[in-house]
Amino acid sequence: MSNTDFVLAIEDLTVSFDGFKAVDALSMYIDKNELRVVIGPNGAGKTTVLDLICGKTKSSSGSIKFNNIELTQLAEHEIVRAGIGRKFQTPSIYENLTVYQNLEVSYPVGRSVWGSLTFKRTQALSEQVNKIAAEVLLTEHLQMEAALLSHGQKQWLEIGMLLMQDPELLMLDEPVAGMSAKERDQTADLLNRICQNRSVLVIEHDMEFVKKIAHKVTVLHQGKILAEGSMEKVQSDEKVIEVYLGH
Amino acid sequence: MKELSDKLLGGRQGAVGLAILALLLFVVFPLCLDLFRLGLLGKYVTYAFVAVSLVLLWGNGGILSLGQGMFFGLGGYCMAMFLKLEASDPVSTKIQTTPGIPDFMDWNQLTELPWFWLPFKSLPLTLVLVLVVPTLLAFIIGYAMFKRRVGGVYFAIITQAIALILSILIIGQQGYTGGVNGITDLKTMLGWDIRTDSAKYILYFVNAGLLIGCMLLARYILTSKFGMLLLAMRDKEERVRFSGYDVSNFKIFIFCVAAMMSGIGGAMFTLQVGFMSPSFVGIVPSIEMVIFAAVGGRMSLIGAVYGTLLVNFGRTMFSETFPELWLFLMGGLFIAVVMFFPDGLAGIYDKYARKFNIAGVTSKYVAKFSKKAAKMIGEKYE
């Protein structure tokens, strides 16, 4: 496969679980600084695509290139170090640590055993933590144990943990699930701010939210792309209305 | 410099706790206990090395090893092999068919020292091997398990199985290992008789010093970023992995450190008690060590040491009167701790010390009283 200008180039990607093709010959390209939303009915393979990109699931065939680096053969931590951050569907934070510590653990310095033993808490670290905490609206809760945060704040904290790594591609699996209307608006603002100098890939069900953030929408159905393009274009697509938006 | 001392001691509270423990071990116990009881205490302190290692591995890392006895045993065997070779000089073993080899080898018709005994002729090499052998075994087990992402209860069962295999191997290979009796009749270390009263005192203090050293090392690890990552891995291993860390390397490392500490404990056991046997390698001792740590508090380095000492003193006192009931009592104690006090003695202490705020209350009363007194004195002189 030739090199491209895309941040992420997925070509002919297939994964099958006992013969069932969860993702079937999928090709998808994401531009620099693009905010892409993937929608689709349950079981369409949305989360599986994220799993394949970040290495949680190994593909059966096909290629995933990130800045022209082939990812399918890399270990999970190597993919992260290449510049990809991924938020899980249920908030995945360290409940026994404080908010500050949650962010500190995610700081991309001292990632080896020896590095973590000799890691020194620097000025740059605390500046970065404070900056990110302000970004995800958690400045007042820095010393709070993360378990005590509300559900929406936990989602933000996890996004903050990813921002600590300053990834070039940020992947978010249902970031507004379980959030109040106000929190959804705040999250939409947050996403519009953070996609300024990075690409973001979001999986979401909430169509109102999708409208607020998406540059481009991809509709998945049974492991294949059903439609792709702007929100208006996708919404008026007959196939999409039939399998997904219609009901 | 201040940063380093904070990391070693764990802040003011940690430093006070450690100072009290050191005071007990180095001053109070040697002054209050007779040599027999002090010897027993020294033995318990060697178990505390394992309890401290379990605080790192299990309490903070969430990795339950039910096979720490094998590392304790290996460290102990390394030391015992050196001492046995020194005790088996050709002069004192001249009645054997082959003089100059350990007696049990002679009974088993061995005519030559096996190759793996040769390094134990040298003390420096033995001291290195006390550290390296348990660490190397832990590395092999850890690499095989953690790289394949075996964890949780499976890891616990596998470590237990390996501990059992190792103890069966030692018992079965009588000619090479001394079999079920272990390695006994240890006398001198480079000509220094370890059975005399003065040697017992010296070994006791060396032992206590090494324990404090291990606790400082453990504290350093726990207060570094590594320690925070251990907690994070215990909580959400996937999240750590997808934050760019190779989780298996961290687990292998902490498993190796825990094994090394246990090995030091085993070597000090051999020196103080004067023998090493397979009964310290298998499943039962390994599980007992976990109970010591659980009773003391699996999150607390200092608590684990107190837990070890208390449970063992309890055992000694109790089994002097009701020997057959002890195992039931210990089992019951373990269940009670897990159900009602998951953080052990340290957890209870923290809860009540904070609740009553002992230090704060005392200083408040002192301040109040002195204010009142000053006022009264002031009024008097007006």
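The values are calculated or read from the model by the stated rules, or taken from the named source; none is laboratory data. None of these values were measured; they are calculated from a predicted model. Note that we place each Cβ from the backbone using ideal geometry, even for glycine, and neighbour counts take in every protein chain shown.
Annotations
- On inspection, B:GLN173 passes the criterion of being free of Cβ contacts under 8 Å to residues at least 24 places away in the same chain and either polar (S, T, N, Q) or farther than 30 Å from A:ALA147 by Cα (or both).
- Residues being over 12 Å from the mean Cα position of the chain (by Cα), within 22 Å of B:GLY314 (Cα to Cα) and in contact (Cβ under 8 Å) with a residue 12 or more places away in the chain - total across region B:37-65: 4
- Total residues in region A:63-107, condition in a helix (DSSP H, G or I) and aromatic (Phe, Trp, Tyr): 1
- Pair list, Cβ under 9 Å, 6 or more apart: region B:79-108 residue at positive phi, other residue buried (at least 16 other Cβ atoms within 10 Å of the Cβ) and hydroxyl-bearing (Ser, Thr, Tyr): B:GLY100/B:SER88; B:GLY100/B:THR93
- Which listed residue, of B:PHE318, B:PHE313, B:PHE250, is touching a Leu at 6+ places or on another chain (Cβ under 9 Å), in a helix (DSSP H, G or I) and closer than 30 Å to A:LEU169 by Cα: B:PHE250
- Of everything in region A:115-132 that is more than 9 Å from chain B (Cβ to nearest Cβ) and farther than 10 Å from A:MET164 by Cβ, the residue that is nearest to the chain's Cα centre (by Cα) is A:ASN130.
- Residues being over 13 Å from the mean Cα position of the chain (by Cα) and more than 14 Å from chain A (Cβ to nearest Cβ) - total across region B:242-272: 3
- Conditions (1) surrounded by fewer than 21 Cβ atoms within 10 Å (Cβ to Cβ); (2) touching an Asp or Glu at 6+ places or on another chain (Cβ under 9 Å); number of the one not met by B:LEU33: (2)
- Meets criteria (assigned by TED's automatic domain parsing to the domain that holds B:ALA156, crowded, with 24+ Cβ neighbours inside 10 Å and in contact with a Cys (Cβ under 8 Å, 6 or more places away or on another chain)) for B:GLY303: no
- Applying the condition of being among the small types (Gly, Ala, Ser) and surrounded by fewer than 23 Cβ atoms within 10 Å (Cβ to Cβ) to region A:134-163 and asking which residue is farthest from the other protein chains (Cβ to nearest Cβ) yields A:ALA134.
- In region A:77-104, the qualifying residues are those that are surrounded by fewer than 20 Cβ atoms within 10 Å (Cβ to Cβ) and among the acidic types (Asp, Glu), and the one that is nearest to the other protein chains (Cβ to nearest Cβ) is A:GLU95.
- Residues considered: B:LYS355, B:LYS371, B:LYS351, B:LYS375. Of these, the only one that is at pLDDT 80 or above and over 23 Å from the mean Cα position of the chain (by Cα) is B:LYS351.
- Region B:222-241, residues that are within 7 Å of chain A (Cβ to nearest Cβ) and of a type in the set (A, V, I, L, M, F, W, C): B:PHE226, B:MET228, B:LEU229, B:LEU231, B:ALA232
- Members of region B:137-152 found to be of a type in the set (Val, Ile, Thr), in a helix (DSSP H, G or I) and free of Cβ contacts under 8 Å to residues at least 60 places away in the same chain, listed by number: B:ILE140
- For region B:162-208, filtering for residues that are part of a helix (DSSP H, G or I) and either over 27 Å from B:ALA22 (Cβ atoms) or hydroxyl-bearing (Ser, Thr, Tyr) (or both) leaves 21.
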